Amino acid sequence: SNPARAVKDAVGNAAEKVADVLTPDVPGAPGSAPPPLEEPTTPHDPLPPKKEQGAPETVTPTGARTGVPKTAKGQQGAYLTTANGTRLRDTDHSLKAGPRGPILLQDHHFREKITHFDHERIPERVVHARGTGAHGVFTGYGTAERLTTAGFLAKGRETEVFVRFSTVLGSRGSADTVRDTRGFATKFYTDEGTFDLVGNNMPVFFIQDAIKFPDIIHAGKPHPDREIPQAQSAHDTFWDFVSLHTEAQHHTIWNMSDRGIPRSYRTMEGFGVHTFRLVNAAGETVLVKFHWKPKLGVHSLTWEEAQMLNGFDPDFHRRDLYDAIEAGAFPEWELGIQVFPDTPEETFAGIDLLDPTKIVPEELAEVQPVGRLVLNRTPTNFFAETEQVAFHLGHLPPGIDVTNDPLLQGRLFSYLDTQLTRLAGPNFTQIPINRPHAAVNDMLRDGFHQQAVHAGVAPYRPNTLDGGNPFPAGPDDHPFVDVPVTVAEAPKVRASPASFDDHFSQARLFWLSMSPVEKEHIVRAYAFELGKCYHQAIKERQLRALANIDPVLCAQVAAGLGLPAPQPSEPLAEVAPSPALSQLGREWPSDGRTVGIVVDADSDPDGVGQVRRAVFSAGMVPLLVAAHGGTVDGMPVQRSFATARSVEFDALLLAGAPAPAPDALPAWDDKAGAPGAPGIDPRVLLMVQECWRHAKVIGAWGPGVAVLERAGVAGTPGVVTSGTGGEVLDAVQRLMAAHRVWDRFPASIA
Ligand code: HDD
């Protein structure tokens, strides 16, 4: 398929929408006076309500009205009121005994305002506290119809969804680009009840039994004495645990790989991790694993980029998701399933399907597409939607059931339980973002924050007083089916199956599947993380685990730590690599990618204008970078040298060779300047050097070519210096399909 065409199709008229934002007749763009920003004084209604602001609707046992108007919303009328709707004249001064006097206890408005404020925060999630979400639509392909009755997978069926992406370890205010697993939780509001697919961007987990979850999380969270380090695994308690608890080694090598530092939420795969059971109308079952495949491919940051971004833009992933959606470059994934026969052994190709530390390589069981997800709307209010959304693995629609994976079984308890504290009670499914889109007629009553005004007198069954309502669904009314799986007669034990004892074979499979450059990144990640540990014994113990994965990996990490490489304690597993696990070797569309364009007074304005438009129509985002804000040749400057940093760009174009500006603000924090080519602003040189180091495509035309020559990078792989601006952009875009200029990384590992 033609990637450029795919980009066009994907972005469609949305790219035009972005282009509109920068056309001269839009307020704020050059050529028209910016609108005055004055406080409006004529009372008018607030913004019209959005769908998600509607209050929960409740079906009563007798079908009578609930008393809660469906249109209830947070903001009505033009005037400021108390929480009880009394209009207020003044909210800027407390009621005092004279202008200089003390505040009166009787000031009920003051007390209401401050009391509410004092209670604005709710507990953050105990894990996955840092996250961001978006609304979208899922469309079924109908390809799974033979396997499951789940209606949302039917051909052409559209289902609204809300997705929340997250990191695991950090607090709510921590940085986005830390090395960590990412959460990928999807709420499908199906008309047969809500389905929550609560997955990660890695297909395996640290532990095989949910009872160990507090252990791995206590080990990964900051040390309890000093509460550092924040949002990272590079510390003693994490490595103490994973080196002792070797079933964590497979997930850990994924975390140490580039998958631990995604370029964007849009470029992550998602995995349901566990094996689930699908059941069709005839009651036949199969076992499946869920996969999300991103349309843009799987891409990662480099470690240096990730570290820089944590300072330069700690909200990088959040911003990237919102910007892409608001620009119309809607993120897309295909949902796929790997299908396995539901045999009593629950294994496939010798792999235990109940062991969440194991994958089934795609080469052995193809991922078959069953539907498509498009994220097309950002939340209206972060707290109401993204913070209050509550996922739970027990939110299952008819046609999908669980298996006995002991991690999944424990999760079925934890997700309901955690909301009771986090959302303060059992009625969290009535919060608008959690409200099912299917009709609800339960017999759950009362509790904190009950929103429904239930009618009737008989929330019990059987009853005659409410006319027998609600009625259990018959077999033809499409109820949830608990698959009648036979439970083996077995002694009550605290034990795992013997197959769960294999802790290294798949970590080795992952290592052997990596390209040389990916292997090198893994080595460096281990060397960094273990290098941050204080206890020698922990480093040595982790090296012993690496020896059981691969001798080259172990030797290289040991060299980085300055320690001897131990011998394996068990024979190395004979495993075939899975090429599908590597991120390299394929080409992808470049929708929503960011291209920095450096300009100065000598740049050719027509050429720059054309390149900018061409970047737009290719579905990417051009950012004009110049010495100062404002405009250059009538074009708005989006980044000045003071606000730009290379890590924001996927590719860099130079249409000028800006000289240092001695009379403007100092070019550098340190006025002595920075080393580099004389006559070129050192911040531009730094941008070029960083982009080159991070293996990004760089292009230049006109005076810009001189910058690349002076920076010493002209003529190296992935640096385009010949042709017009348009020709340079074409060549740059072709190279961007591989994400990075991989040839630029020296590969020392075969
Ligand atoms: Fe979990 C949140 C994913 C194992 C207990 N988990 C949470 C979120 C994701 C995952 C994406 C964030 C949901 C959101 O955005 O609101 N968790 C996973 C995956 C696991 C996993 C893919 C293994 C395959 N989790 C796991 C175990 C337990 C938990 C074994 C407990 C026994 N997870 C929780 C939790 C959280 C949570 C404490 C915190 C906030 C929440 O649930 O709603 O219940």
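Rule-based calculations on the coordinates, nothing more; no lab input. None of these values were measured; they are calculated from a predicted model. Cβ: placed from backbone, ideal geometry, glycine included. Neighbour counts: every protein chain shown.
Structure notes:
- Neighbourhood charge, 11 Å Cβ-Cβ cut-off, centred on LEU396 and excluding it, Lys, Arg +1 and Asp, Glu -1: -3
- Inter-part distance, the range 436-502 to the range 536-590, computed on C-alpha centroids, equals 46 Å.
- Least to most buried among MET443, MET736, MET620, MET635 (fewest other Cβ within 10 Å first): MET443, MET635, MET736, MET620
- Per-peptide average of other Cβ atoms within 10 Å, ordering 82-88, 410-416, 545-551 highest first: 545-551, 410-416, 82-88
- Ranked packing of 382-395, 195-208, 530-543, 465-478, most packed first, by mean Cβ within 10 Å: 195-208, 382-395, 530-543, 465-478
- Pairwise centroid distance, computed over Cα atoms, of the range 509-528 with the range 116-171, Å: 31 Å
- Here r is the Cβ-Cβ distance between PHE448 and ASP743 and R0 is 60 Å; the resulting FRET efficiency, rounded to 0.05, is 0.50.
- For the pair ARG89 and PHE480, a Förster radius of 60 Å applied to the C-beta separation gives a FRET efficiency near 0.65, rounded to the nearest 0.05.
- Spin-label pair LEU420/SER722, simplified geometry with 7 Å Cα→Cβ offset, distance in nm: 7.2 nm
- Computed from backbone phi, the HN-Hα couplings of the range 222-230 come to x, 4, x, 7, 9, 6, 9, x, 7 Hz, rounded to whole numbers (Karplus: 6.51 cos²θ - 1.76 cosθ + 1.60, θ = phi - 60°; Gly and Pro given as x).
- Inter-label distance, nm, simple model (7 Å from Cα along the C-beta direction), ARG613/TYR322: 3.1 nm
- Under 13 Å from the Cα of LYS187 - aspartates and glutamates, other chains or at least 8 residues apart: GLU160, ASP196, GLU385
- Environment charge of ASN463, counting only residues whose C-beta is closer than 15 Å and scoring Lys/Arg +1, Asp/Glu -1: 0
- In this rough spin-label picture, where each label sits 7 Å from Cα along the Cβ direction, the VAL137-ARG544 distance is 5.8 nm.
- Measuring between alpha carbons in the structure, the pairs from LYS358/LYS492; LYS155/LYS295; LYS155/LYS519; LYS295/LYS519 lying more than 31 angstrom apart are LYS155/LYS519.
- With a cut-off of 12 Å between beta carbons, the residues surrounding MET308 carry a summed charge of -3, where Lys and Arg count +1 and Asp and Glu -1.
- Converting phi to 3J(HN,Hα) with the Karplus coefficients 6.51, -1.76 and 1.60 and the offset θ = phi - 60°, the range 300-316 yields 10, 7, 8, 5, 5, 4, 4, 5, 5, 5, 4, x, 6, 8, x, 9, 3 Hz in sequence order, with x at every glycine or proline.
- Arranged from fewest to most other beta-carbon atoms within 10 Å of their beta carbon, ARG639, ARG172 become ARG172, ARG639.
- Among MET308, MET687, the ranking by other beta carbons within 10 Å of each residue's beta carbon, starting with the fewest, stands as MET308, MET687.
- Kirkwood hydrodynamic radius (C-alpha pairs) into Stokes-Einstein, the chain, 10 °C and 1.306 mPa s, D in µm²/s: 55 µm²/s
- Using the Cβ-Cβ distance between ARG100 and THR41 with R0 set to 35 Å, the FRET efficiency works out to roughly 0.75.
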